[in-house]
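Every read-out reported here was derived from the displayed coordinates using simple, explicitly stated rules and does not represent laboratory data. Treat the numbers as computed from the prediction; the structure is a model and nothing was measured. We place every Cβ from the backbone using ideal geometry, glycine too, and count neighbours over all the protein chains shown.
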Amino acid sequence: MAALNVLEPASAATHRRWEAIRDPRTRIVIDENAVLLPRGDIQPLLDIAPFGHRAAGRPDAILADMPPLPDALGAAIADLAADFARVMGCDTVRVRLEGVTGNACRKVHADYTDLRLICTLAGPGTDYTLGDDPDGALLCIPTGMVALFKGHEFGPGHAACLHRSPPIEDSGERRLVLVIDTPARNAAER
């Protein structure tokens, strides 16, 4: 079993790494501090996929609106939600935890949001490109790494990050994906 290695809530190092997203030249920040969860915590969720759990609210209360989750997974979600809210300067966040068995967002696109955190907890990681060409070379974010994707509405002068869910339909693969968004869509609104 892999040991749990979650980002420390309110850590200065996490905050500094994630603050790089504010640079207009930066489309994506990939935090190489992986969220590693025991396989025994993840497997039961993969076994019931597809599913989608959603919650919105303060990071310290977000788990109250989710179904019961393994302790390690709940702690990881709460910590990441708190770090995300801190970096974005918001009091509330929206969280999605999805068990994916098909081609969720197979087309390369950028989201119509300000910033989106995506962490693939199991299965193939999210694909992305650093440029503006949706047909350009794709890179893959390793499973367990946290990525901040700039969206179309981050603010003037900022370019969005093109990405997609890896195509897994008919492959037998399953993914467990965590997504965290702000309640507001434009960073300039805060």
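Computed over every Cα-Cα pair of the range 21-96 and binned at 5 Å starting from 0, the pair-distance distribution P(r) comes out as 3, 13, 21, 22, 20, 12, 6, 2, 0 percent. Each of 48, 42, 62 was scored by other Cβ atoms within 10 Å of its Cβ. Arranged with the fewest first, they read 48, 42, 62. I need the trypsin sites (Lys or Arg not before Pro) found in the range 4-110, filtered to DSSP loop residues with at most 15 other beta carbons within 10 Å of theirs. Loop-located and lightly packed - 25, 106, 107.
Per residue, the chain reaches -5500 deg cm²/dmol at 222 nm when only DSSP H runs of four or more residues are counted, each adding -39500 (n - 2.57).
Could you calculate the FRET efficiency of residue 135 with residue 58 from 1/(1 + (r/R0)^6), where r is the beta carbon distance between them and R0 is 30 Å, rounded to 0.05? Approximately 0.15, to the nearest 0.05.
When the charge dipole of the range 1-151 is built from unit charges on Cβ atoms (+1 for Lys and Arg, -1 for Asp and Glu) and taken about the Cα centre, the candidate among 122, 102, 70 whose Cα reaches farthest toward its positive end is 102.
Here the Karplus curve 6.51 cos²θ - 1.76 cosθ + 1.60, taken at θ = phi - 60°, turns the phi angles of the range 17-27 into couplings of 4, 6, 4, 4, 5, 6, 5, x, 7, 9, 9 Hz, with x standing for Gly and Pro. Taking the chain as a Gaussian network of alpha-carbon nodes connected by springs under 10 Å, the highest mean-square fluctuation of the residues 37, 139, 117 belongs to 139.
As a size descriptor, the averaged projected area of the C-alpha convex hull of the chain was calculated at 10.1 nm². With the simple spin-label model, which puts each label point 7 Å out from Cα in the Cβ direction, the residue 112 to residue 91 separation comes to 2.8 nm. Put simply, the amide H of residue 159, placed in the peptide plane, has no neighbours under 5 Å, leaving out anything fewer than 5 places away on its chain.
Coupling constants for the range 85-98 follow from the phi torsions by the Karplus curve (6.51 cos²θ - 1.76 cosθ + 1.60, θ = phi - 60°), and in residue order they are 4, 5, 5, 8, x, 10, 8, 10, 9, 10, 10, 10, 10, 10 Hz; glycine and proline get x. Hey, in the GNM for the chain with a 10 angstrom Cα cutoff, which one of 71, 41, 127 fluctuates hardest? Among 71, 41, 127, the largest mean-square fluctuation in the Gaussian network model of the chain belongs to 71. The chymotrypsin sites (Phe, Trp or Tyr not before Pro) found in the range 109-190 that occupy coil by DSSP, while having at most 11 further C-beta atoms within 10 Å, are 112. The magnitude of the dipole of the chain, with charges of +1 and -1 set on the Cβ of Lys/Arg and Asp/Glu and taken from the Cα centre, is near 220 debye.
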